[in-house]
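Participant: Provided herewith is a single structure, encoded as structure tokens, for subsequent inquiry.
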Amino acid sequence: MPTLEIDCPVCAEVLELTDADRAELQVGDVIVCDSCNAEMEVTRNAPGEDFELELMGVLTQCPSCGEEFDVTDEMIDAAPVIESGDGATVSVVECPHCRARIELEFEETAGPA
């Protein structure tokens with residue numbers, strides 16, 4: 001059975017979708033990466049290789065209150081970027097539940113060579 005391989009836009013983990021998996025997916029459905037919990041919405045699912053996903057957000061758990069929340073592109077765009085104690089560049093987002101400030105470090109994914 002043919003398998004479609006998709007690279008997660010957040011952690012670069014390879015997500016595999018069989019033809020049976022794709023047949024069940026509709027535009028608007030959400031796929032969650034098993035590695036980083038990034039949520040991606042199916043924006044196109046046509047026959048053949050015509051398949052597209054759009055990153056919706058990354059599910060994260062607040063270290064202060066333990067509640068989960070989505071880190072969206074809008075949150076990242078609005079977040080201040082600082083240098084952490086270990087020299088890494090991080091984005092500072094606020095937990096929507098307890099308002100704790102959380103430093104998030106994103107790894108750069110290598111583009112096609």
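Since every read-out is calculated from the coordinates, none of them should be taken as a lab result. Quick caveat, the model's predicted, so the values are computed rather than measured. Cβ placement follows ideal geometry from the backbone for every residue including glycine, while neighbour counts extend to all protein chains displayed.
Participant: Taking the Cα-to-Cβ direction at Leu25 and at Glu13 and moving 7 Å from each Cα, how far apart do the two end points lie in nm?
Facilitator: The answer from the label model is 1.5 nm.
Participant: Here's something else I'd like to know. Output wanted: per-residue J couplings in Hz (rounded whole) for the range 17-26, from phi through Karplus 6.51 cos²θ - 1.76 cosθ + 1.60, θ = phi - 60°, x for Gly and Pro.
Facilitator: Those phi angles translate into 10, 7, 4, 5, 4, 5, 4, 7, 7, 10 Hz.
Participant: Another question, if that's okay. Ratio of alpha-carbon Rg to the 2.2 N^0.38 Å globular estimate for the chain, to two decimals, please.
Facilitator: Working it through for the chain, the quotient is 1.23.
Participant: Report, in deg cm²/dmol and to the nearest 500, the calculated mean residue ellipticity at 222 nm for the chain, where each DSSP H run with n ≥ 4 adds -39500 (n - 2.57) and the sum is divided by the residue count.
Facilitator: -2500 deg cm²/dmol
Participant: Any idea what the dipole of the chain comes to, in debye rounded to 20, about its Cα centre with Lys/Arg Cβ at +1 and Asp/Glu Cβ at -1?
Facilitator: The calculated dipole for the chain is roughly 300 debye.
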